[in-house]
Each structure stands twice: as structure tokens, then as C-alpha cells.
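Have a look at the structure below before the remarks.
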Amino acid sequence: MKIFTIILSTLFAFQAFSSGTEMKKEMKAKSAVSKKSVDIGKSGFSWLGTKMTGKHEGQIKLRSGWVNLSKNGKLQSGSFVVDISSITVGDLSGEWKDKFLGHIKAPDFFDVKQFPTAKLEISKVKGNMVFANLTIKNNTHPVKFKMTKKGKGFSGTLKFDRTKFGMTYKSGNFFKDLGDKLIHDEVKVDFNVFLKS
């Protein structure tokens, strides 16, 4: 009985030591990561969409965002909420501009009335390659893109297939014989994200 009690006590002590060690490691890892808010005013996003007969481009704003940085300032993870209702087009004016924005905010595309925001959640970073999940119109798909760190900011280009997010209007993969009315599936977003001090 005495031997059994000694063995049991040793096991409990070892378990407590192991738990304490793991807890210290976890606390150390957390303390090595700092959460930084994104400076919405300084950060910028520009989009580009192309079609058979040309292209359209404009700006879009962030609603909120934050990132986790390692002790040496490397990006670890992050989350960004994009204000889809803020989308602009820079190559049109007057009536054509109003028609374009009305259509791109309609159900054929972003359906802003029902889905006013989109979300990008960074899950992993390897070197300068970012792995994330993009959510548009309640559809979530993985994306990956390269980014460059510049001082207190990050820049890069994200590309996504609009049809994966329910935007199939005049896509050659869903409609035939569109001719010069075809709109390409890929949308490109250039970003410059700056962090608050």
C-alpha cells in the first residue's frame, strides 16, 4: 500500500509539473504576440475587374481590421472587415457611373443591401505567402497571396474568382455565346494596410 501511494503521488507530481510547463510555454507564446489595430484612414484598397471590351477599377474601404504580430514584427494572423457599400468606380462618370454602381451593388454582384460587408481572415503566414479565408455573400473560400512588409504597413495583391461567391453574371463558365459582353471571373484587389502605433 505504501509503495502504491508513493507511485500515485509521483504520478500526480509529474502531471502537475507537465501541466505547469505547458502553461508556461503557452503564456510565453501569447506574450510574444502583439495585437495591432489597422489604421482605417491610412489604409487603402483598389479593385480591378476586366471584360472582353475593357476594364473597370475603383476603391473600397475597410470597416475594421486587426493583425497579430510576432515579437520581431512578422505577421501571424489577422482579420479584416470590408465595407462593400463604399465601393467606387474611377473610370466612369455621370449616368454611366451611377448605372455601374447601382448594378455592382445589386444581387447580380455584391447584393450590398443583404450583404454590406465582406471578411478576410488570415489563418497562416509562411514567409511572404499569406493563407486566408475570404467571405463574400455568406460564401467562404480559401485564398492565398503574397505580401510585402513596408515599415508599419503591408502591401500586396489579392485575386479571387467572383463566381465562387455567387457572382456569375455574364461569366463565360456559366453562360455561352456572350461574345464581347463576357465579363472575366477574376477580380484583383491591391492593398496597402497600415497599423496604428
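Under the condition of being more than 30 Å from ASP180 (Cβ to Cβ), in contact with a strand residue (DSSP E or B) (Cβ under 7 Å, 6 or more places away or on another chain) and not aromatic (Phe, Trp, Tyr), the residues counted in the stretch 29-73 number 20.
Identify all residues within the stretch 104-136 that are touching a strand residue (DSSP E or B) at 6+ places or on another chain (Cβ under 8 Å) and under 15 Å from GLY156 (Cα atoms); write none if there are none. Give the steps one after another, and end with the answer.
If we filter the stretch 104-136 for residues that are touching a strand residue (DSSP E or B) at 6+ places or on another chain (Cβ under 8 Å), which is where we start, we get 110, 115-125, 128-136.
LEU120, ILE122, VAL125, ASN128, MET129, VAL130, PHE131, ALA132 - these are the residues of the stretch 104-136 that are touching a strand residue (DSSP E or B) at 6+ places or on another chain (Cβ under 8 Å) and under 15 Å from GLY156 (Cα atoms).
At least 3 residues that are modelled with pLDDT of 90 or more and surrounded by 13 or more Cβ atoms within 10 Å (Cβ to Cβ) in each: list the strands (runs of 3 or more DSSP E) lying fully within the stretch 13-87 that qualify.
Working: elements: 34-37, 44-51, 54-69, 75-83.
Those strands (runs of 3 or more DSSP E) span 44-51, 54-69, 75-83.
Is it true that PHE175 is over 14 Å from the mean Cα position of the chain (by Cα) and aromatic (Phe, Trp, Tyr)? Break it down stepwise before answering.
Working: over 14 Å from the mean Cα position of the chain (by Cα): yes; aromatic (Phe, Trp, Tyr): yes.
Yes; evaluated as a whole, the condition is true for this residue.
In the stretch 119-149, which residue that is without any contact (Cβ under 8 Å) to a residue 40 or more places away in the chain and among the basic types (Lys, Arg) is farthest from SER77 (Cα to Cα)? Filtering first and then ranking leaves LYS137. Count of the stretch 137-161 residues, restricted to those that are touching a Gly at 6+ places or on another chain (Cβ under 8 Å) and in a strand (DSSP E or B), is 6.
Inspect all residues belonging to the stretch 137-147 and state whether any of them is in the same structural domain as PHE80 (by TED's automatic domain parsing), of a type in the set (Val, Ile, Thr), modelled with pLDDT of 95 or more and surrounded by fewer than 19 Cβ atoms within 10 Å (Cβ to Cβ). Within the stretch 137-147, one or more residues are in the same structural domain as PHE80 (by TED's automatic domain parsing), of a type in the set (Val, Ile, Thr), modelled with pLDDT of 95 or more and surrounded by fewer than 19 Cβ atoms within 10 Å (Cβ to Cβ). Would you be able to tell me the number of residues in the stretch 121-136 that are over 12 Å from the mean Cα position of the chain (by Cα), assigned to a strand (DSSP E or B) and surrounded by 13 or more Cβ atoms within 10 Å (Cβ to Cβ)? Qualifying residue count, the stretch 121-136: 1.
Give me a count of the residues in the stretch 178-193 that are over 15 Å from the mean Cα position of the chain (by Cα) and either assigned to a strand (DSSP E or B) or of a type in the set (A, V, I, L, M) (or both).
Within the stretch 178-193, the subset over 15 Å from the mean Cα position of the chain (by Cα) is 178-186.
Now narrow it down to the ones that are either assigned to a strand (DSSP E or B) or of a type in the set (A, V, I, L, M) (or both): 178, 182-186.
Residues flagged as over 15 Å from the mean Cα position of the chain (by Cα) and either assigned to a strand (DSSP E or B) or of a type in the set (A, V, I, L, M) (or both) within the stretch 178-193 amount to 6.
Of the residues in the stretch 116-133, at least one is assigned by TED's automatic domain parsing to the domain that holds ASP177 and more than 28 Å from SER197 (Cα to Cα).
The values are calculated or read from the model by the stated rules, or taken from the named source; none is laboratory data. Owing to the predicted nature of the structure, the values given are computational and were not obtained by experimental measurement. Glycine gets a Cβ as well: all are built from the backbone with ideal geometry, and neighbour counts include every protein chain shown.
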